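The values are calculated or read from the model by the stated rules, or taken from the named source; none is laboratory data. Remember, it's a predicted structure, so these values are computed and weren't measured experimentally. Please note: Cβ atoms are built from the backbone with ideal geometry, for glycine as well, and neighbour counts cover all protein chains shown. When the accessible area is computed, the model is the full protein with side chains, heavy atoms only, and any ligands, DNA or RNA have been set aside. Shrake-Rupley method; radii C 1.70, N 1.55, O 1.52, S 1.80 Å.
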Amino acid sequence: MNFTQWQDLQLQGLLTATTEDDLFAVLSAAARDLGFEYCAYGLRMPLPVSNPKVYMRNNYSPHWQERYARLNYVRVDPTVAHGMKSVLPLVWTDKVFDQCQEFWEDARHHGLRVGWAQSSYDARGVGGLLTLARSHDRLSESELRDHSLKMSWLVQVAHEGMTRVVSIAAPSGPALTARELEVLRWTADGKTSGEVGQIMHISERTVNFHVNNALAKLGAVNKTAGVVKAAMLRLL
């Protein structure tokens, strides 16, 4: 099966699945087709900033899932940290896990010895991380060369499918007017209401009017919270 045929097959399954179970079954089958026993997908909502909603789904052993959650391994998992900073793919190596040897040894004890991960982000600020793993056979350069296009493409389509069917709804930004967005952008750059008024050739009172309207729509208690929320929702 060539890439186009494989792509069409996965696309049909991932974008027509109507439940989380059905979609993850398609994703797991695609992972097996690429030579991986295990598949994991995580979604991270941009809000609330202090405690963002997270969705995780995988076919790891129940014992490893329990340990990962109980020991809060997400705090030290370097693949998660990498995905927060970069959308480039990451191949598991001893060096990647150098600062968390206990976690790495525990993962390998549960059959997670070889892996690859890549993150993605959409226009709403929702982040996703696809992980493909197995218990044997190192990930060779030739295998990566042969499958990297399929794997990276799967990251994007899985993200689209998951955000469509997961039970925690992806956030959508309020409908801010062009003026409200403009005053928030200047505010985000550290401008005072008076300075924004001079830049936009409107009164300071009008600037505050637009700011207050924007804060009310965003459900924010002050300008700092409003700017952060608007930025996280990719409105600015």
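What to note about this one:
- With R₀ fixed at 22 Å, the C-beta to C-beta distance from HIS136 to GLN101 puts the FRET efficiency at about 0.55.
- Rg/Rg_globular for the range 102-236, with Rg_globular taken as 2.2 N^0.38 Å and Rg from C-alpha atoms: 1.58
- Shown for the range 1-105: the carbon plus sulfur share of the solvent-accessible area, taken with all protein chains present and a 1.4 angstrom probe, equals 54%.
- Computed label-point distance, nm, for sites SER86 and ASN222 using a 7 Å Cα→Cβ extension: 3.7
- The calculated FRET efficiency for ARG164 paired with MET1, based on their beta-carbon distance and R0 = 25 Å, is about 0.45.
- When the Gaussian network model of the chain links Cα atoms closer than 10 Å, the mean-square fluctuations of HIS210, HIS201, HIS147 top out at HIS201.
- For ASP8, the accessible surface of its heavy atoms amounts to roughly 90 Å² (probe 1.4 Å, protein chains only, rounded to the nearest 10).
- Computed over the chain, the range of Cα coordinates on each principal axis works out to 67, 42, 31 Å, biggest value leading.
- Histogrammed with a bin width of 10 Å, the alpha carbon distances of the range 158-236 distribute as 19, 45, 20, 11, 5 percent, first bin at zero.
- Length gained on full extension, ASP33 to HIS201, computed as 0.36 nm times the residue gap minus the Cα-Cα distance: 54.5 nm.
- Taken along its principal axes, the alpha carbon cloud of the range 67-165 reaches lengths of 36, 35, 23 Å, longest axis first.
- Helix 204-218 axis, angle to the chain major axis (alpha carbon atoms, nearest 10°): 30
- Based on Cα atoms of the range 1-124, Rg over Rh with Rh as the Kirkwood radius reads 0.97.
- With the helix formula -39500 (n - 2.57) applied to DSSP H stretches of n ≥ 4, the chain reaches a computed 222 nm mean residue ellipticity of -16500 deg cm²/dmol.
- Taking the centroid of alpha carbons for each part, the range 1-38 and the range 56-129 are 21 Å apart.
- Partners of LYS217 within straight-line reach, counting aspartates and glutamates whose Cα lies under 19 Å from its Cα and excluding those fewer than 8 residues away in the same chain: GLU180, GLU182.
- Computed FRET value (nearest 0.05) for LEU11 with VAL74, which takes r as the C-beta separation and R₀ as 30 Å: 0.50
- Calculated from backbone phi, Karplus (6.51, -1.76, 1.60) coupling profile of the range 65-81 in Hz, x at Gly/Pro: 4, 5, 5, 4, 6, 5, 8, 6, 5, 4, 5, 10, 5, x, 5, 5, 4
- Segment LEU47-GLN156, length gained on full extension (0.36 nm per residue, minus Cα span): 37.1 nm
- For the range 22-84, the spread of Cα positions along each principal axis, largest first, Å: 38, 24, 22
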